[in-house]
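See structure below.
The values are calculated or read from the model by the stated rules, or taken from the named source; none is laboratory data. Source: prediction; values computed, not measured. Here the Cβ positions follow ideal geometry from the backbone for every residue, glycine too, while neighbour counts run over all protein chains shown.
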């Protein structure tokens, strides 16, 4: 759309473009004009569409040699606009509790947490170096955790409910590293984590950091009660039996 500048202003041109494009009830009064430079203006109008509070219609208008040209009409959010949350990839939205019985969740083909066993070692001391040998003979695994995979797990466990910053750990007098109920791990994570085997502990059967702790530590001893104090004589005798006298 192009019009002679002597006949109309950029605001009028923008408003006319809105009327031609959308329903007149969907926009309100003109809010502001923004000079974008190089003869380009953005004329902003209030949006009156239901559910679009805080949004505005922006009409891009060019001025060149006495004419206005409408370039584009867009609906833009303002500071008070209600927006949908940022899009999160499906893989990042899945939580452990989302996986039910019978569901499958295969890893990505390029998952950096996994590497072929022949490239990283089998981890069990067998010295398997061939992936096909490890799979067919059953002496190892086809895939193993990569360095990134191990550190990802370590960070997640350390920052989780069974790490050193949990309420249990902060209140504990002794740490899991010295607990008799701790089952040691083998491999690269053994210097930081173990598995709790205390059936009365909140973390029973779970991976705990060595500097985690709880009140069910094997070294915990019951507190001795103080010896009974001597009770002073009562001001009023309410314990002994009154003697009955006959006249």
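Restricting the range 6-25 to residues that are modelled with pLDDT under 90 and touching a helix residue (DSSP H, G or I) at 6+ places or on another chain (Cβ under 9 Å), which is farthest from residue 61 (Cα to Cα)? If we take residues in the range 6-25 being modelled with pLDDT under 90 and touching a helix residue (DSSP H, G or I) at 6+ places or on another chain (Cβ under 9 Å), then 24 is farthest from residue 61 (Cα to Cα).
For residue 155, the conditions (1) in contact with a strand residue (DSSP E or B) (Cβ under 7 Å, 6 or more places away or on another chain); (2) closer than 25 Å to residue 115 by Cα; (3) modelled with pLDDT of 95 or more all hold with the exception of (1).
Among the listed residues 49, 41, identify the single one that is without any contact (Cβ under 8 Å) to a residue 60 or more places away in the chain, closer than 13 Å to residue 11 by Cα, surrounded by 13 or more Cβ atoms within 10 Å (Cβ to Cβ) and in contact with a helix residue (DSSP H, G or I) (Cβ under 6 Å, 6 or more places away or on another chain).
When all the criteria are applied, what remains is 41.
As a summary of the residue check, residue 97 satisfies the conditions (1) outside any loop (DSSP other than H, G, I, E, B); (2) at pLDDT below 85; (3) surrounded by fewer than 10 Cβ atoms within 10 Å (Cβ to Cβ) except for the one numbered (2). Residue 160 falls short on exactly one of the conditions (1) at pLDDT below 85; (2) part of a loop (DSSP other than H, G, I, E, B), and that condition is (1). In the range 167-225, which residues are touching a residue at least 40 places away in the same chain (Cβ under 8 Å), more than 22 Å from residue 153 (Cβ to Cβ) and not in a loop (DSSP other than H, G, I, E, B)? Within the range 167-225, 171, 178 meet the criteria.
Among the residues of the range 61-68, are any exposed (fewer than 15 other Cβ atoms within 10 Å of the Cβ), at pLDDT below 90, more than 25 Å from the chain's Cα centre (by Cα) and on the phi > 0 side of the Ramachandran plot? Checking the range 61-68: at least one residue is exposed (fewer than 15 other Cβ atoms within 10 Å of the Cβ), at pLDDT below 90, more than 25 Å from the chain's Cα centre (by Cα) and on the phi > 0 side of the Ramachandran plot.
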